[in-house]
1. Which order, highest average first, do 34-43, 106-115 follow once you tally other Cβ atoms within 10 Å for each residue and take the mean per peptide?
2. How far is helix 219-243 tilted, in degrees, relative to the longest principal axis of the Cα atoms in the chain, given as a value from 0 to 90 rounded to the nearest 10?
3. As I understand it, the value is the acute angle between the Cα axis of helix 187-198 and the longest principal axis of the Cα atoms of the chain; what does it come to in degrees, rounded to 10?
4. Between rounded, prolate and oblate, where does the stretch 7-229 land on the alpha carbon gyration tensor, with a ≥ b ≥ c its root eigenvalues, rounded for a/c under 1.5, else prolate if a/b exceeds b/c?
5. Pull up the cross-link candidates among the aspartates and glutamates for K281, meaning alpha carbon to alpha carbon under 20 Å and not fewer than 8 places away within one chain.
6. Please list the non-local residues whose amide H lies under 5 Å from the amide H of D134, H modeled 1.01 Å from N, same-chain partners needing a gap of 5 or more.
7. Can you list the lysines whose alpha carbon is less than 26 Å from that of K57, not counting same-chain residues fewer than 8 positions off?
8. Which percentage, to the nearest 5, of the DSSP beta bridges contained in the stretch 7-229 is antiparallel?
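What follows draws every value from the coordinates through simple rules; no lab data is involved. Remember, it's a predicted structure, so these values are computed and weren't measured experimentally. Glycine gets a Cβ as well: all are built from the backbone with ideal geometry, and neighbour counts include every protein chain shown.
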Amino acid sequence: MKITETIHAFKHPFQLALGESQYADRSVYSYLLIGDRICLIDTGVFSTSLLLQGYLKEIDRSPNEISLVLLTHAHPDHIGGCLAIHKASSALFCAHPADKGWIEDVERQYRERPILNFFELVEGSVVVNRELRDGDTISWGKGRTIRVLETPGHSPGSISFYDEEEEALFTGDAVPAAGTLPIYVDPRTSIESIRKLQKISPVKHLLSSWHEPVSGNQIQPILEEGIRYIQKIDEIVVDLSKTMPAETSGEELSLRALERLGIRTNKVLPMVRTTFESHRKK
């Protein structure tokens, strides 16, 4: 999907295993910045890596032109295709140091944050060639500059990117989509990160991983909706904590909270349970 003359969005469909023969349909966006070379923001999952490379050929470009891969964070649906890109190009991989360990050692990530079909989503590890921190600028092509914004909360090392020439804001999973399974590790920090994104100006395009690409006057409502969703979850957990015994398991707390959000499931993924427990711990 062409967003501007130089920005293309690519949607990766995939399935997240919930249990035996149980899957949730998910999707995630990668973004291709097309210039004299190609910069890729997030690589999607392993199963769609050939589709991404096929898209490049459709627009008369080649995977071996990818010179830079910017990773918003280390979760499987964002790094799963890294090894395929590494094999197809000489691209340098960049990420925040807090998430670097899980990119360079996916076996470690699987141990510390297990997902049932992890290795269907992630092909393998890659070396992070450059660590990115708040305020860093990246020159990826002639006259093209990207600014790094630290936006933790979804993960400790989550970062966003601001394309200064296109006035485009790439937010990864920093902004939760209301009505979907909430996934973050720190609600307060998540809200602070979204508030930080609200201050970036000018922004013509909001390009996140969860939402469809949006432009213009749609941008601020999406950001504000993300904050309200986290606040709503906090209110639910606080209310449940008043009536449920202190020893209530994270699984039971999460099931009850999800039910109040209108999300019904028989099994809670560990990453979702972490979200609700982060509210209780605060």
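1. 34-43, 106-115
2. Around 20 degrees separate the two axes.
3. 40 degrees
4. Since a/c stays below 1.5, the shape of the stretch 7-229 is classed as rounded.
5. Answer for K281, where 20 Å is the Cα cut-off: E112, D186, E192, D234, E235, D239, E247, E251, E252, listed by chain and number.
6. Here E150 satisfy the definition.
7. Reachable lysines: K2, K11, K87, K142.
8. If I count the DSSP bridges inside the stretch 7-229, around 70 percent turn out antiparallel.
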